[in-house]
Amino acid sequence: MRRMLARLIVLAVGALALVGLDGVSTLIDSRRPVVVASEPATDSTTLSSVRAQLADARHELERAHQILEFATRYSIPADLATHIYDVAVAEGIPAAVGFQLVRVESGFENTARSNASAIGLTQLRLSTARAYDATIDASDLMNADVNLRIGFRYLKDLLGRFDHSLPLALEAYNKGPTFVSAEQELGNDVEGRYSRAVMAGVRKKG
């Protein structure tokens, strides 16, 4: 029992060391705190509780490590790295894909706009965003959480549409799903520079 408690403390200290004091509040915000039960309990109940807390601490330590790694690799603030990581995980796409998509699309600039009227971190068009939320306007797409959530959800939907082929889903994200489907029907190869640029960064990460 004492060994497990000691390991829990070591993991918690390790997490703090990884993210630094300035990043702690961002990384643990809204997360369930690890609290050792103060009420009397049987040895088996206490052991189960400690094991669960240890598993939570390991998960948070791994999360902190991944976020720090992405923030360092892309030279971006910890809070932005946290947003990208958490939304990618929540929307069911690999975090490495999420980071690389944002890098290719906007260079991590939240206020980025393209000549094609695409906005924000994932360079969404307003018409695409409104398919997910009809109330959204252009200013909403400069909100990092909103932009990432819809952009990553759109990519996840494209993965489902194109048989979970990441290259095809990426090309559809860039060129539009109708165009990609039409090219497929004609027997043309639609995998191009865009998907290769994103995938190259993902492979490098792996």
Examine segment 79-98 for a residue that is more than 30 Å from Asp137 (Cβ to Cβ) and either more than 15 Å from the chain's Cα centre (by Cα) or not assigned by TED's automatic domain parsing to the domain that holds Met199 (or both), and state whether such a residue exists. no
Mind checking which residues of segment 76-96 are closer than 21 Å to Met199 by Cβ and either assigned to a loop (DSSP other than H, G, I, E, B) or in contact with a Pro (Cβ under 6 Å, 6 or more places away or on another chain) (or both)? Ile76, Gly92, Ile93, Pro94
Counting only residues in segment 132-173 that are of a type in the set (S, T, N, Q) and touching a helix residue (DSSP H, G or I) at 6+ places or on another chain (Cβ under 9 Å), the one farthest from Arg196 (Cα to Cα) is identified as Asn147
Options Ala71, Ala57, Ala95; residue that is modelled with pLDDT of 95 or more, farther than 21 Å from Leu155 by Cβ and crowded, with 19+ Cβ neighbours inside 10 Å: Ala71
Which numbered condition trips up Ala116, out of (1) buried (at least 21 other Cβ atoms within 10 Å of the Cβ); (2) out of contact with any Gly (no Cβ under 9 Å at 6 or more places or on another chain); (3) of a type in the set (A, V, I, L, M)? (1)
From Leu168, Leu141, Leu121, Leu159, residue being in contact (Cβ under 8 Å) with a residue 60 or more places away in the chain and buried (at least 19 other Cβ atoms within 10 Å of the Cβ): Leu159
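The values are calculated or read from the model by the stated rules, or taken from the named source; none is laboratory data. Just so it is clear, the model here is predicted, and its values are computed rather than measured. With ideal geometry, Cβ positions are generated from the backbone for all residues, glycine too; neighbour counts draw on all protein chains shown.
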